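Notes to accompany the following structure.
The values are calculated or read from the model by the stated rules, or taken from the named source; none is laboratory data. Fair warning: this is a prediction, and the values are worked out from it, not measured in the lab. Every residue, glycine among them, receives a Cβ derived from its backbone with ideal geometry; neighbour counts consider all protein chains shown.
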Amino acid sequence: MTKQTLANHIAQMPIYDTHEHLITPAEYVASAPDIIAALFGLNAYIQHDLISAGCSYTTLAAFLDPANPDIAARWHLIAPYWADCQHTGYAEAVRLSASILYSIDTLSAAALVAAQPRQQAYTQPGQYQYLLEQVANLATIQIDAFTWEAPAGAGDSRVYQYDINVCNMVNGSIDFVELATDVGFAITNLADYARAIQHVITYNAPQACAIKTQHAYNRTLAWQLPDEAAVVSVFEKKMRGAHLGELEACRIGDWALDQVARHAATLKLPIKIHTGHFAGNRTMPIDWVRPGQLSALIKQHPDTTFVLMHIGYPYQHELLSMAKHYANVYVDLCWAWSINPRASSEFVRQWIHSVPINKLFGFGGDAFLPTQTVGFAAQTRQWLTRTLSAEVAEGYLSEAEAIQIAQQLLHDNQHRLFGQG
């Protein structure tokens with residue numbers, strides 16, 4: 001075998017994608033994103049690097065404004081900031097999408113204007129599926145739509161799977177009136193809330209691939225099982241419409257996560273938890289996001305499978321230790337390749353030599369638009385090829401072993417845990 005064999009295998013194999021936020025095919029067609037939106041719009045992560053480079057929010061909004069048909073003028077607004085961040089992981093994914101989908105070698109006003117007709121073609125019915133299933137070559141796609149259930153028009157359930165999002169329960173911001181409407185019975189005490197949580201999980205479980213929470217954006221990941229009397233007190237305060245303090249919100253959130261974890265174990269649904277770096281700018285309490293703070297939760301629920309996402313960057317070494325120690329901990333490289341591809345590459349190499357290989361998932365684009373997922377998938381293939389080729393070149397792996405690991409990270413590990421695809 002040759003190194004090119006490894007590269008070809010990674011380039012051609014279908015990927016089991018464990019994490020996206022993709023809008024539905026109907027929403028994609030209806031919104032008809034222009035070339036700038038296709039590459040930079042709808043919460044694209046490159047926006048955050050542009051802001052970090054000095055671009056103002058006003059300038060960014062003008063750049064993304066779909067009401068302005070002057071694509072060249074819009075590009076010139078952010079070109080200086082693009083020059084400063086074009087080599088980041090986020091920007092690399094943009095450049096790959098531009099190259100693969102529009103044959104753009106260097107982003108410029110002229111190149112974007114010329115690509116607009118091709119992007120219009122990509123917004124026609126059926127192109128959403130073509131971009132994801134054929135161009136990106138994704139076999140299965142798991143989506144967090146920030147809801148408990150799959151949205152209407154979600155697509156072929158054999159390909160497009162959905163998480164049950166319980167973030168508002170875990171961060172303590174759940175609206176009991178809305179929850180009562182959804183579950184069909186009144187919520188007047190903590191026992192009612194427990195029954196409502198069970199209803200949400202069990203009712204949606206047959207159509208779900210996992211349970212998901214990204215509560216680290218609203219509170220610390222630190223978890224402890226609270227005293228029931230203390231939770232009752234917080235529940236009653238919330239029912240009165242009073243504002244909950246940070247510790248109170250954590251207390252009822254920790255209780256809710258304990259309830260969720262019990263049902264997840266019974267139903268064999270993994271729980272995905274955001275760990276590490278925040279998307280966006282201006283706020284990231286760095287002490288909130290450390291994945292090691294979940295150890296008490298994981299110990300409390302040994303029969304529940306936890307998938308800790310984004311390698312906990314920049315605390316990835318904690319996940320190496322946790323996954324090595326706890327049989328019920330898996331780790332997902334979703335989004336990590338674009339946050340910091342070199343750190344992710346080193347993480348994979350350290351994982352190979354310290355943690356069983358079946359517990360690592362290789363890809364999730366974490367994107368809202370299929371045009372962006374194309375770039376993230378290509379980025380993962382390229383960096384995984386570099387990573388495993390280095391292991392082969394330094395004599396740690398044979399070519400055959402590297403190919404087997406690639407197969408596991410991009411498809412087989414996910415299939416083993418989640419099934420389907």
Write out, first by first residue and then by second, each pair whose Cβ atoms fall under 7 Å of each other, whose residues are 6+ apart or on separate chains, and whose first residue, in region 63-81, is assigned by TED's automatic domain parsing to the domain that holds LEU39 while the second is among the hydroxyl-bearing types (Ser, Thr, Tyr). LEU77/THR59; ILE78/THR59
Select from region 66-108 the residues that are among the acidic types (Asp, Glu) and surrounded by 15 or more Cβ atoms within 10 Å (Cβ to Cβ) and list them in ascending order. ASP84, GLU92
ASN43 - would you say it is of a type in the set (S, T, N, Q), in a loop (DSSP other than H, G, I, E, B) and under 30 Å from GLN414 (Cβ atoms)? yes
Is it the case, given these coordinates, that ASN168 is in a helix (DSSP H, G or I) and in contact with an Asp or Glu (Cβ under 7 Å, 6 or more places away or on another chain)? no
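Residue-by-condition table, conditions (1) at positive phi; (2) over 21 Å from the mean Cα position of the chain (by Cα); (3) outside the structural domain of ALA406 (by TED's automatic domain parsing):
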residue: PRO14; (1), (2), (3): no, no, yes
residue: HIS19; (1), (2), (3): no, no, yes
residue: LEU22; (1), (2), (3): no, no, yes
residue: ALA26; (1), (2), (3): no, yes, yes
residue: LEU42; (1), (2), (3): yes, no, yes
residue: ASP49; (1), (2), (3): no, no, yes
Scan (1) at pLDDT 95 or above; (2) not in a helix (DSSP H, G or I) for the single condition PRO226 breaks and write down its number. (1)
Taking region 176-227 and keeping residues among the charged types (D, E, K, R) and surrounded by fewer than 21 Cβ atoms within 10 Å (Cβ to Cβ) leaves GLU178, ASP182, ASP192, ARG195, ARG219, ASP227
With respect to THR283, determine if the residue is modelled with pLDDT under 95 and of a type in the set (S, T, N, Q). yes
Identify, by number, the condition in (1) buried (at least 17 other Cβ atoms within 10 Å of the Cβ); (2) without any contact (Cβ under 8 Å) to a residue 40 or more places away in the chain; (3) in a loop (DSSP other than H, G, I, E, B) that ASP156 doesn't meet. (1)
Among the candidates GLN120, GLN86, which residue alone is polar (S, T, N, Q), over 21 Å from the mean Cα position of the chain (by Cα) and farther than 30 Å from PRO341 by Cα? GLN120
Where in region 297-400 are there helices (runs of 4 or more DSSP H), lying wholly inside it, with at least 3 residues that are of a type in the set (Val, Ile, Thr)? 370-393
Considering only residues that are buried (at least 17 other Cβ atoms within 10 Å of the Cβ) and either closer than 23 Å to CYS209 by Cα or not assigned by TED's automatic domain parsing to the domain that holds LEU308 (or both), which ones fall in region 373-411? THR373, VAL374, PHE376, ALA377, THR380, ALA406, GLN408, LEU409, LEU410, HIS411
So which of LEU269, LEU257 ends up being surrounded by 22 or more Cβ atoms within 10 Å (Cβ to Cβ), assigned by TED's automatic domain parsing to the domain that holds ASP366 and under 22 Å from ALA150 (Cβ atoms)? LEU269
